[in-house]
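Here is the structure we will look at.
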Amino acid sequence: MSRRGERGSGSLLAGIGLWALALLVLVLLGAASFALGGHKVAGAADLAAVAGAQAQVGGADACGAARSSAAANDVEVVSCGVTGDEVEFVVTVSVRLPVGFGPVREALTARANAGVVTGADP
């Protein structure tokens, strides 16, 4: 019984297994990149909204402060608005962060609100 026709088949299977493992690692790294990016963009939106609300309380430009905070966190402000008056107001900020690597690139967005509303239930 000769096994000449099966020579090298173990190397071929090992090579295919290594390629499959490498592909799995790349997919997991991509998923981790998107998950971490989602947390980063949500936190940056919260910080930008709070910075805008703090500036509004002090009589400064709320959206300017939100843009400065967003830039410090490496995200881009897509929209910013202040609703209300000098006493009761809400600053709404939307930010965007490009994530991914190689040909798989996507922009993650988040929106946050911060402000002062008296008489509201906690």
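The values are calculated or read from the model by the stated rules, or taken from the named source; none is laboratory data. This structure is a prediction, so every number in the text was calculated from the model and none was measured. We place every Cβ from the backbone using ideal geometry, glycine too, and count neighbours over all the protein chains shown.
State whether one or more residues within the stretch 50-65 are in contact with a Lys or Arg (Cβ under 8 Å, 6 or more places away or on another chain) and not in a loop (DSSP other than H, G, I, E, B).
Here is the first cut: in the stretch 50-65, the residues in contact with a Lys or Arg (Cβ under 8 Å, 6 or more places away or on another chain) are none.
Looking through the stretch 50-65, none of the residues is in contact with a Lys or Arg (Cβ under 8 Å, 6 or more places away or on another chain) and not in a loop (DSSP other than H, G, I, E, B).
Find the residue count for the stretch 37-52, including only residues that are under 13 Å from THR109 (Cα atoms) and out of contact with any strand residue (DSSP E or B) (no Cβ under 8 Å at 6 or more places or on another chain).
So the answer is 2.
Does VAL78 fit the bill of being hydrophobic (A, V, I, L, M, F, W, C), within 17 Å of the chain's Cα centre (by Cα), modelled with pLDDT under 90 and outside any helix (DSSP H, G or I)?
no
More than 25 Å from the chain's Cα centre (by Cα) and over 14 Å from THR109 (Cα atoms): is that true of LEU13 in this structure?
The answer is yes for LEU13.
Inspect the stretch 103-120 for any residue being outside any strand (DSSP E or B), surrounded by fewer than 18 Cβ atoms within 10 Å (Cβ to Cβ) and among the acidic types (Asp, Glu) and give the result as yes or no.
Restricting attention to the stretch 103-120, the residues satisfying the condition of being outside any strand (DSSP E or B) are 103, 117-120.
Of the ones still in play, those that are also surrounded by fewer than 18 Cβ atoms within 10 Å (Cβ to Cβ) are 103, 117-120.
From what's left, among the acidic types (Asp, Glu): none.
No, the stretch 103-120 contains no residue that is outside any strand (DSSP E or B), surrounded by fewer than 18 Cβ atoms within 10 Å (Cβ to Cβ) and among the acidic types (Asp, Glu).
If LYS40 satisfies every condition in (1) in a strand (DSSP E or B); (2) under 17 Å from the mean Cα position of the chain (by Cα); (3) not acidic (Asp, Glu) but one, which is the exception?
Unmet condition: (1).
Name the pairs: first residue in the stretch 20-46 and surrounded by 13 or more Cβ atoms within 10 Å (Cβ to Cβ), second residue assigned to a helix (DSSP H, G or I) and not aliphatic (A, V, I, L, M), Cβ to Cβ under 8 Å, at least 6 apart or on different chains?
These pairs meet every condition: ALA44/SER69.
I need every pair where a residue in the stretch 52-76 that is under 15 Å from VAL87 (Cβ atoms) has its Cβ under 6 Å from the Cβ of a residue that is surrounded by fewer than 22 Cβ atoms within 10 Å (Cβ to Cβ) and aromatic (Phe, Trp, Tyr), sequence separation at least 6 or different chains.
If the second residue must be surrounded by fewer than 22 Cβ atoms within 10 Å (Cβ to Cβ) and aromatic (Phe, Trp, Tyr), the pairs left are GLN56/PHE89.
Please specify each residue of the stretch 81-94 satisfying the condition of being crowded, with 16+ Cβ neighbours inside 10 Å and either assigned to a loop (DSSP other than H, G, I, E, B) or aliphatic (A, V, I, L, M) (or both).
If the condition is that a residue be crowded, with 16+ Cβ neighbours inside 10 Å and either assigned to a loop (DSSP other than H, G, I, E, B) or aliphatic (A, V, I, L, M) (or both), then VAL82, VAL90, VAL91, VAL93 are the ones that fit.
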